Ligand SMILES: [Zn+2]
């Protein structure tokens, strides 16, 4: 269906795109996501993702200047590459799809994560990047359930790093409420992946300057991607702290290592159900950053240039 992207290009679900064409980008979102499918999760957590509704929500993002959405839904919680191609066609937005497996509790039995070699897992990811017909363009979100990395999760992280080296793609992670993102980073680095190709996700769930600073000092990216969420007390009341941490890192010169997103992953976040939809950055958060003294050029770096650089495929190692 679509051509494969070459190094220097971005691999979207409709084929190669020049990095300069992506525009304003949300680097960590979902358009369909089912977390209650696993055993022993009884909260029916789901972004059902019916297409006419999602098309409308994405149209609102585009109308405010949105250009690209990265759907980091991994295998096993509702990823459907053909569906993402349809959404891209319907909305005119560039959509980049994720790859790999989420976190241990969510690994589908049929993936046999604990029975295959790390290279065999990496082969499966690489195959998707190469063979299509609809191809992913980033690896992730891959993650850890707890403040530690389980043995199976370590295997997935090693496979992701190897696949990243072989495809030239970046890796984006799920790391919550702890400094486990640093352990993730260590495994990826151990496999030889350049930290400049790594995004530690959900850093706003662990709003400590020491943690954020350590990630950027090691050369990786901090991503505040729970912006506009209101499920937990921290999310409801924590935004001033996130603004403060971003401002601190900006003052220290790390503007090229910050990413922002909204992680829409539940129906209640959609505008049609009274949530912020996909427009919280544009409508609320970015104006707040400007109010805190961040200049418009820096916001352009964070929301356009940084995601474009990460999504641009490197020459395979
Ligand atoms: Zn997510």
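Quick note: the coordinates plus some simple rules give every number you see, no bench work behind them. Values in this document were obtained by computation on a predicted structure and should not be read as measured data. Note that we place each Cβ from the backbone using ideal geometry, even for glycine, and neighbour counts take in every protein chain shown.
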Let me know the volume per residue of the alpha-carbon convex hull for the stretch 137-207, in Å³. 72
Simple label model, 7 Å out from Cα along Cβ direction - residue 112 to residue 317, nm: 2.7
Listing 268, 205 from the residue with the fewest other Cβ atoms within 10 Å to the one with the most, what is the order? 268, 205
Taking the simple approach of a point 7 Å from Cα along Cα-to-Cβ for both residue 60 and residue 251, what is their distance in nm? 3.5
Would the stretch 275-314 count as rounded, prolate or oblate if I go by the C-alpha gyration tensor, calling it rounded below 1.5 in a/c and otherwise prolate when a/b exceeds b/c, oblate otherwise? oblate
Please build a GNM for the chain, connecting alpha carbons under 10 Å apart, and tell me which residue among 82, 109, 175 fluctuates the most. 109
At 0.36 nm per residue, and after removing the present C-alpha to C-alpha distance, how many nm does the segment from residue 89 to residue 177 gain when stretched out fully? 28.0 nm
Site residue 241, offset 7 angstrom along Cα→Cβ, radius 20 Å on amide nitrogen, limited to the stretch 159-197, gives 174-183
Sorted by packing (mean other beta-carbon atoms within 10 Å per residue), highest first, where do 296-306, 134-144 land? 134-144, 296-306
Ranked list, fewest to most other Cβ atoms within 10 Å of each Cβ, for 101, 42: 42, 101
Using a Gaussian network model of the chain whose springs link C-alpha atoms within less than 10 Å, name the residue from 91, 31, 167 with the highest mean-square fluctuation. 91
Largest first and in whole Å, what are the equivalent-ellipsoid semi-axes of the stretch 10-311 based on the Cα gyration tensor, each being the root of 5 times an eigenvalue? 26, 23, 19
Full extension from residue 43 to residue 297: what is 0.36 nm times the residue separation minus their Cα-Cα distance, to one decimal in nm? 87.3 nm
Between 46, 110, 210, where does the largest GNM mean-square fluctuation fall for the chain, given springs only between Cα atoms within less than 10 Å? 110
antiparallel share of DSSP beta bridges within the stretch 57-190, to nearest 5, in %, is 10
Kindly provide the helix-only [θ] at 222 nm of the chain, computed as the sum of -39,500 (n - 2.57) over DSSP H runs of four or more divided by all residues, to the nearest 500 deg cm²/dmol? -10000 deg cm²/dmol
Ranked by Cβ crowding within 10 angstrom, fewest neighbours first, how are 254, 231 ordered? 231, 254
Beta bridge orientation in the chain: antiparallel %, DSSP, nearest 5: 25
